[in-house]
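Asker: Take a look at the following structure, please.
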Amino acid sequence: NAGVMQNPRHLVRRRGQEARLRCSPMKGHSHVYWYRQLPEEGLKFMVYLQKENIIDESGMPKERFSAEFPKEGPSILRIQQVVRGDSAAYFCASSPARVETQYFGPGTRLLVL
Amino acid sequence: KQEVTQIPAALSVPEGENLVLNCSFTDSAIYNLQWFRQDPGKGLTSLLLIQSSQREQTSGRLNASLDKSSGRSTLYIAASQPGDSATYLCAVTYSGGSNYKLTFGKGTLLTVNP
């Protein structure tokens, strides 16, 4: 059973471009969580999704950020018009149910030039 | 505000030493507390999870304790090894409607010197 997969592992974007981060949860997991780790900061919750539904997006910046978890395919975290402050490691986690243990992926390191 | 604090921020010890990492949280209404290990450029590996009703959990050389009343948890590592070098993160899930949301501390960077 493969773990949580994230791609790309590293992503470089210039200011103003779009970044798309993908997360494939563990097999049998229908709950996905995104966290962001800014330099010198702890991981911060961004959004919680269940298949086709956003359950809690209270940690997402109000503008430029969006997330989805379609019926088929990976969860996508999309950042439009990236700025240097978006440079961070973005981690995805999945669980089989709402309050079960979350399993983390290796993260995507986003660098905005 | 629900915050998680870890001290020290960094710790360097010689191989073989026993050590303690500390985690404190501001709200005692926790659902569970988890200790993770993070290696450079890698994801998070769960080490131990303590439910709010438990006082401690053990796995091999690791022992984690939980004291809700004082808002503290400790991670004890016995007979440390160079392979234990990593950043250790403490994360709390609070009771209530958001009991899926992990609140992390900034971590303790541990270096075990051979």
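The values are calculated or read from the model by the stated rules, or taken from the named source; none is laboratory data. Computed from a prediction, not measured in an experiment: that's the story for all the values here. Note: ideal-geometry Cβ built from the backbone for every residue, glycine included; neighbour counts use all protein chains shown. We work out accessible area using only protein heavy atoms, side chains counted, and drop any ligands, DNA or RNA first. Shrake-Rupley method; radii C 1.70, N 1.55, O 1.52, S 1.80 Å.
Asker: Give me a count of the residues in region A:68-82 that are touching a residue at least 24 places away in the same chain (Cβ under 8 Å) and open to solvent by 60 Å² or more (accessible area, probe 1.4 Å). Explain how you work it out, then say what you get.
Answerer: Pass one, region A:68-82, residues touching a residue at least 24 places away in the same chain (Cβ under 8 Å): A:69, A:74-82.
Filter again for open to solvent by 60 Å² or more (accessible area, probe 1.4 Å), leaving A:78, A:80-81.
Qualifying residue count for the region: 3.
Asker: Tell me, which residue of region B:82-110 that is loosely packed, with under 13 Cβ neighbours inside 10 Å and at pLDDT 95 or above is nearest to residue B:30 (Cα to Cα)? Before the answer, list the steps.
Answerer: If we filter region B:82-110 for residues that are loosely packed, with under 13 Cβ neighbours inside 10 Å, which is where we start, we get B:82-83, B:96-97.
So of that shortlist, the ones also at pLDDT 95 or above come out as B:82-83.
Values: B:82: 33, B:83: 31 Å.
Step by step, filter region B:82-110, then rank; the result is B:83.
Matching residues to (1) in contact with an Asp or Glu (Cβ under 9 Å, 6 or more places away or on another chain); (2) of a type in the set (A, V, I, L, M):
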| site | (1), (2) |
| --- | --- |
| B:30 | no, yes |
| B:42 | no, no |
| B:80 | yes, no |
| B:106 | yes, no |
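Asker: Additional query: For region B:63-81, name all the residues that are under 16 Å from residue B:7 (Cβ atoms), in contact with a Phe, Trp or Tyr (Cβ under 9 Å, 6 or more places away or on another chain) and open to solvent by 30 Å² or more (accessible area, probe 1.4 Å).
Answerer: B:65, B:72
Asker: Shifting gears a bit: Can you name the condition, by its number, that residue B:41 falls short on among (1) at positive phi; (2) more than 11 Å from every other protein chain (Cβ to nearest Cβ); (3) not β-branched (Val, Ile, Thr)?
Answerer: (2)
Asker: What single numbered condition from (1) surrounded by 14 or more Cβ atoms within 10 Å (Cβ to Cβ); (2) within 14 Å of chain B (Cβ to nearest Cβ); (3) not hydrophobic (A, V, I, L, M, F, W, C) fails to hold for residue A:41?
Answerer: Every condition holds for residue A:41 apart from (1).
Asker: Go through region B:10-31 and count every residue that is within 14 Å of chain A (Cβ to nearest Cβ) and under 12 Å from the mean Cα position of the chain (by Cα).
Answerer: Residues meeting the conditions: 3.
Asker: Yes or no: residue A:21 open to solvent by less than 10 Å² (accessible area, probe 1.4 Å), over 25 Å from residue B:107 (Cβ atoms) and touching a Phe, Trp or Tyr at 6+ places or on another chain (Cβ under 9 Å)?
Answerer: Working: open to solvent by less than 10 Å² (accessible area, probe 1.4 Å): yes; over 25 Å from residue B:107 (Cβ atoms): no; touching a Phe, Trp or Tyr at 6+ places or on another chain (Cβ under 9 Å): yes.
No: the conditions fail for residue A:21.
Asker: Name the residues in region B:25-51 that are open to solvent by 40 Å² or more (accessible area, probe 1.4 Å) and not hydrophobic (A, V, I, L, M, F, W, C), would you?
Answerer: B:26, B:27, B:28, B:31, B:37, B:39, B:40, B:41, B:42, B:45, B:46, B:51
Asker: Then there's this: Kindly indicate whether any position in region A:54-67 is more than 12 Å from chain B (Cβ to nearest Cβ), crowded, with 17+ Cβ neighbours inside 10 Å and among the aromatic types (Phe, Trp, Tyr).
Answerer: From region A:54-67, those more than 12 Å from chain B (Cβ to nearest Cβ) are A:54, A:60-67; that's our starting set.
This time we only want the ones that are crowded, with 17+ Cβ neighbours inside 10 Å, so: A:60, A:65, A:67.
Imposing the further condition that a residue be among the aromatic types (Phe, Trp, Tyr) reduces the set to A:65.
Yes, because at least one residue in region A:54-67 is more than 12 Å from chain B (Cβ to nearest Cβ), crowded, with 17+ Cβ neighbours inside 10 Å and among the aromatic types (Phe, Trp, Tyr).
Asker: What pairs come out if I take residues in region A:91-113 that are within 7 Å of chain B (Cβ to nearest Cβ) and pair them with residues that are assigned to a loop (DSSP other than H, G, I, E, B) and among the polar types (S, T, N, Q) whose C-beta lies under 6 Å away, six or more apart or interchain?
Answerer: That search, which allows pairs on different chains as well, returns A:99/B:99.
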